[in-house]
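Before any comments, here is the structure.
Read-outs: derived from the displayed coordinates by stated rules, not from any lab. Bear in mind that the values here come from a model prediction, so they are computed numbers and not experimental data. Cβ placement follows ideal geometry from the backbone for every residue including glycine, while neighbour counts extend to all protein chains displayed.
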Amino acid sequence: MSKGKVKPFSLNLQIDVPLARFTTIKIGGPARYLISVTHESQLNDAIEWAEGNRINWIVIGRGSNLLIHDEGFLGLIIINAIEYESWTIEEDRAKVTVGAGTNLASLAARASKKGWGGLEFACGIPASVGGAVCMNAGAHGFEIQSVIDQVKIYESGSYHFLKSAECQFTYRSSRFHQRHQVILEATFNLIKDPKALMRVKEWREYRLKTQPWKEATSGCFFRNPETLIEGIKWSAGALIEQADLKGCQIGGAQVSTKHASFLVNAQKATAKDILELCARIRYEVFKKYKVELQGEVRFLDQHASSTRTI
Ligand SMILES: Cc1cc2nc3c(=O)[nH]c(=O)nc-3n(C[C@H](O)[C@H](O)[C@H](O)COP(=O)(O)OP(=O)(O)OC[C@H]3O[C@@H](n4cnc5c(N)ncnc54)[C@H](O)[C@@H]3O)c2cc1C
């Protein structure tokens with residue numbers, strides 16, 4: 001299997017690699033092929049090889065919003081590990097441009113330590129910059145779309161720049177879920193803010209108190225519903241808690257006892273356990289509140305060419 005200009009041995013592809021360790025929930029069977037790319041040219045070659053051989057490919061970041069099928073993925077997983085960082089500073093404004101493999105939480109911490117504000121909300125999101133842009137990650141009332149100046153993307157062998165307004169951001173989603181485009185780089189607009197570091201400390205402490213940080217999880221499994229119940233907007237976590245599901249367990253999958261929208265891999269859980277637990281939660285919440293919970297975590301099936309919501 002080596003059609004196309006690029007040969008698999010020159011790419012350093014790994015074969016039949018268990019994927020659980022590349023996700024924060026520690027679940028997932030093997031990838032038929034896997035490569036971690038640190039340069040744009042490597043990414044280009046990997047995609048060219050996969051397409052030349054009609055093999056499905058998908059780019060992932062830090063796997064913090066991913067549930068992978070127990071049978072794995074019959075294609076090529078490309079881990080985006082492209083990291084660089086450059087700053088342009090003009091008086092009380094700065095732009096920072098980073099490779100999409102950059103650790104978002106560390107970037108937020110570095111920026112706030114230098115007195116630059118804008119990314120503090122991301123200090124507890126264990127994402128790569130690319131994954132966070134794709135998911136329009138957010139917290140504490142802020143979303144990544146509001147700090148993006150531009151994003152560099154790869155599509156079908158060419159490179160483009162998109163402004164934030166062109167990325168079709170919505171709640172925890174963007175155009176990158178519909179189109180086979182790879183986020184390579186993002187530039188963020190930051191402003192001088194002496195209180196940035198204080199906010200990072202405050203929000204980190206809040207997370208440690210309210211979320212199961214030491215457990216294997218993919219964060220919030222469900223989006224907060226738009227529907228009002230008796231005139232009040234409820235979070236998904238509050239509905240799950242009120243449905244008496246905190247601590248509920250199916251196989252090794254458990255509703256976190258700390259935060260009910262987080263599902264945790266408590267005891268060698270499988271993807272099947274997690275999916276069954278999601279179905280049970282949806283059933284119970286609908287029975288009690290007539291609200292259909294929508295998934296936030298992305299599921300990767302064996303034969304898929306993209307991820308989908310659970
Ligand atoms: C403890 C914990 C707390 C969390 N808290 C929050 C929170 O407060 N707010 C929040 O929004 N999320 C939160 N999350 C979820 C998660 O961190 C975010 O969704 C994050 O943006 C995912 O980034 P990632 O790099 O891990 O992406 P992955 O999980 O690797 O991928 C997610 C999706 O993005 C796509 N993708 C990844 N990189 C690229 C790229 N370079 N180009 C194109 N597509 C790409 C993948 O194909 C996949 O569809 C939390 C997760 C955990 C485990």
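Look at the dipole of the range 150-289 built from charges on Cβ: of Ala279, Thr210, Cys220, the Cα furthest out on the positive end belongs to Thr210.
Charging the Cβ of each Asp and Glu at -1 and of each Lys and Arg at +1, and nothing else, the dipole of the range 105-209 about its Cα centre rounds to 360 debye. For the range 69-81, 3J(HN,Hα) computed residue by residue from phi via the Karplus equation (6.51, -1.76, 1.60; θ = phi - 60°) reads 3, 4, 8, x, 9, 8, x, 10, 8, 10, 8, 7, 10 Hz, glycine and proline entered as x.
Taking GluC sites (Glu not before Pro) across the range 90-179, the ones in a DSSP loop with at most 10 further Cβ atoms lying within 10 angstrom of their Cβ are Glu91.
Rounded, prolate or oblate: which fits the range 27-130, taking a ≥ b ≥ c as square roots of the Cα gyration tensor eigenvalues, rounded meaning a/c under 1.5, else prolate when a/b beats b/c? Display every interim value, and only then the final one.
Details: a/c = 4.29, a/b = 1.89, b/c = 2.27.
Oblate, because a/c is 1.5 or more while a/b does not exceed b/c.
Divide the volume of the convex hull around the Cα atoms of the chain by the residue count and you get 130 Å³ per residue.
Listed by chain and number, the lysines whose C-alpha is less than 26 Å from the C-alpha of Lys287, apart from same-chain residues fewer than 8 away, are Lys233, Lys246, Lys258, Lys272.
Let me check against my output: what whole-number percent is the relative contact order of the chain, with C-alpha pairs under 8 Å and at least 6 apart?
Working: 691 pairs, mean separation 54.4, N = 310.
Reported relative contact order: 18 percent.
Among Ile148, Thr309, Gly251, flag the residue with its Cα farthest along the positive direction of the charge dipole of the chain, charges on Cβ as +1 for Lys/Arg and -1 for Asp/Glu. Going by the charge dipole, the pick is Gly251.
If you place +1 on the Cβ of every Lys and Arg and -1 on the Cβ of every Asp and Glu, how big does the dipole about the Cα centre of the chain come out, in debye to the nearest 20?
Details: 39 positive and 32 negative charges, 94 e Å.
That gives a dipole near 460 debye.
Helical content alone sets the calculated 222 nm signal of the chain at -7500 deg cm²/dmol, taking -39,500 (n - 2.57) per DSSP H segment of four or more residues and averaging over every residue.
Arranged from highest to lowest average of other beta-carbon atoms within 10 Å per residue, in what order do the peptides 21-30, 99-108 appear? Don't skip to the answer; put the middle values down first.
On the way: 21-30: 20.1, 99-108: 22.2.
Ranked by mean Cβ neighbours within 10 Å, highest first: 99-108, 21-30.
How large is the charge dipole for the range 35-88, taken about the Cα centre, if only the Cβ atoms of Lys, Arg (+1) and Asp, Glu (-1) carry charge, to the nearest 20 debye?
Values: 2 positive and 8 negative charges, 20 e Å.
Its charge dipole is roughly 100 debye.
In this structure, the amide hydrogen of Trp116, modeled 1.01 Å from its nitrogen in the peptide plane, lies closer than 5 angstrom to those of Asp193, counting only residues at least 5 positions away or on a different chain. Of the chymotrypsin sites (Phe, Trp or Tyr not before Pro) found in the range 63-144, the ones in coil according to DSSP and having at most 13 other Cβ atoms within 10 Å of their Cβ are Tyr84.
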